[in-house]
1. Kindly indicate whether any position in the range 394-405 is more than 16 Å from the ligand (Cβ to nearest atom) and in contact (Cβ under 8 Å) with a residue 60 or more places away in the chain.
2. Does T376 satisfy the condition of being farther than 25 Å from H252 by Cα, exposed (fewer than 13 other Cβ atoms within 10 Å of the Cβ), under 27 Å from the mean Cα position of the chain (by Cα) and modelled with pLDDT under 95?
3. Taking the residues in the range 307-355 that are under 23 Å from the mean Cα position of the chain (by Cα) and charged (D, E, K, R) as candidates, determine which candidate is nearest to A415 (Cα to Cα).
4. Here are the criteria: (1) assigned to a helix (DSSP H, G or I); (2) of a type in the set (S, T, N, Q); (3) closer than 30 Å to R208 by Cα. Tell me which single one T287 does not satisfy.
5. Determine whether L257 is buried (at least 21 other Cβ atoms within 10 Å of the Cβ), within 12 Å of the ligand (Cβ to nearest atom) and either aliphatic (A, V, I, L, M) or farther than 30 Å from V106 by Cα (or both).
6. With respect to R382, determine if the residue is within 30 Å of A413 (Cα to Cα) and among the charged types (D, E, K, R).
7. If we keep just the residues of the range 178-191 that are assigned to a helix (DSSP H, G or I) and under 22 Å from the mean Cα position of the chain (by Cα), which is nearest to L27 (Cα to Cα)?
8. With the range 328-447 as the region, which helices (runs of 4 or more DSSP H) entirely inside it contain at least 3 residues that are in contact with a Gly (Cβ under 6 Å, 6 or more places away or on another chain) and not aromatic (F, W, Y)?
Amino acid sequence: MDAPRPPLNELGPVAASYHELQSLPLLFDAARRPPVPPQGSAWQAVRALFQATEVALVTLAELADQVTARWSDDDVAAAVRALNWMTSFAKAWVDLAWRIRDVAPVAPNVIPQIADTPRHRLMLTDSPNWQAVFVAESRLAEALLDRSVSSIVPSVGDEIALPLLRYVMLQRIGLEYCVVEGAPAVYGDLIRPDEVRKAVLDQQLAGRTVFTQFRAAHQIPELLVDAVNDHLENAVLALRDGDLHAAEPMLHRVDRLLDATVLSVDILADHLRTGEYHTIRENLGMTSGSHSTGIHYHLMRDLYPELVAAMGRIPTDRELAEAVQRSVRTIGRHLDRWRLAHLNLPRINLGGAGTATRSLAGSRDAVQTVSRLRETALHRDRQQEPPGDGFRATDWESGELALAAVEGELLRAIAERTKSRFTDVQQRTGYFAGVSEFQAPSRRVGERPRRDGDG
Ligand code: HEM
């Protein structure tokens, strides 16, 4: 049976697909606008990191306005909650900023592709989205100073002081690190901040929800993995040619980009509350991150296994082979770290394994499904040590952790809350009686002609 047309609810539209929910066509339009750096190049990695930072900036400007509004309404608790979200996005920004420096070319004059072209300095302060943050935060500063933060009731001052001071320090680091010399184009042309803003603000829901944060927390990894996949494809082609010198720097950048991808999970893991997720859940429709062409399919299903296979064919005594092998292992471990970090999200927002809590996409036991995806990937990965019989993070019934008893009770309570609120998801009735239109993409196996990526 086909899915009935997704309805509207009081907050807005119910998403028809993951791609639509996360505005991926607009997001990838930003990533594909000329001048497009060569696939697998250092500048592609820099562009992806800056664009992911731009997603954070657009979100920060929205959040700063929310803090101002709540503070002006005397709703200190809500102001602090919004400020904590800001801290989380600023932390993600700093994680991206370190990596911009890690992957940016050290000496632009030795890069042949751009040797004869004028070079530019990329500075986040040139972004209109940074300027919007500045304007929104000026309004916030005015509202805070108006009430003389330091002189108000000490407990209120304390509540706002910790997140505010932490946030401003993170911003200081982010700004200092988001400067790169020798770029092939000016900031606006290479990073496309206006296009990124369109993608972030493309969809909104009515009222006070965490929808923008939820979408941004998907858009950041989508942008990073888009560049990761081009790097992996080129690295696989280079390894098949036995060209370890070409593969090594690309794999180093994949390592840096994936490390940032793993850390981006914390944005939601640290701040998304079950109730906040439940408020927007209906608007997510029959979607799932497992419908992500870039992350679930091209990275996890296609290119990483392809990389491991290509690695198996290179002689181990070759110069650089050990460094390349180490990078491949680290990349595999990042995927496992991501899976373990991501497990928090269905755990906290849907309930525990073995509670038969269905996911929107229809998995019969959401957390068990995510755990099994992890187990299967780990067992298939020949680059990792085979899992032994020691403690595993996904041993939900193990008696090793004293707090697991409390954890189990909380997760059961969350599951009951989820199942009773979303009976149509649970019983597959109403809109959820249909089937998702989602179809898995065809394989991406690195068959494109190899390009020289290091530019
Ligand atoms: C509240 C937040 C989230 C919840 C409740 C959640 C839930 C789930 C569930 C239940 C699955 C298993 C498949 C299914 O039945 O849908 C899944 C898989 C997946 N999700 Fe999430 N998710 C969340 C956030 C995210 C985010 C932020 C991303 C980042 C893009 C993401 C990406 C994925 C991917 C790539 C898979 C496949 C994993 C694999 O192959 O190992 N999810 N998610």
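The values are calculated or read from the model by the stated rules, or taken from the named source; none is laboratory data. The shown structure was predicted, so the numbers you read here are calculated from the model rather than taken from an experiment. Cβ sites come from the backbone with ideal geometry, for glycine too, and all protein chains shown count toward neighbours.
1. No; the residues of the range 394-405 include none that is more than 16 Å from the ligand (Cβ to nearest atom) and in contact (Cβ under 8 Å) with a residue 60 or more places away in the chain.
2. Answer is yes for this residue.
3. R347
4. So T287 meets the others, but not (1).
5. Spelling it out, it is not the case that L257 is buried (at least 21 other Cβ atoms within 10 Å of the Cβ), within 12 Å of the ligand (Cβ to nearest atom) and either aliphatic (A, V, I, L, M) or farther than 30 Å from V106 by Cα (or both).
6. Here the answer is no, as R382 does not meet what is asked.
7. Per the stated criteria, the residue is I191.
8. By residue number, 404-421.
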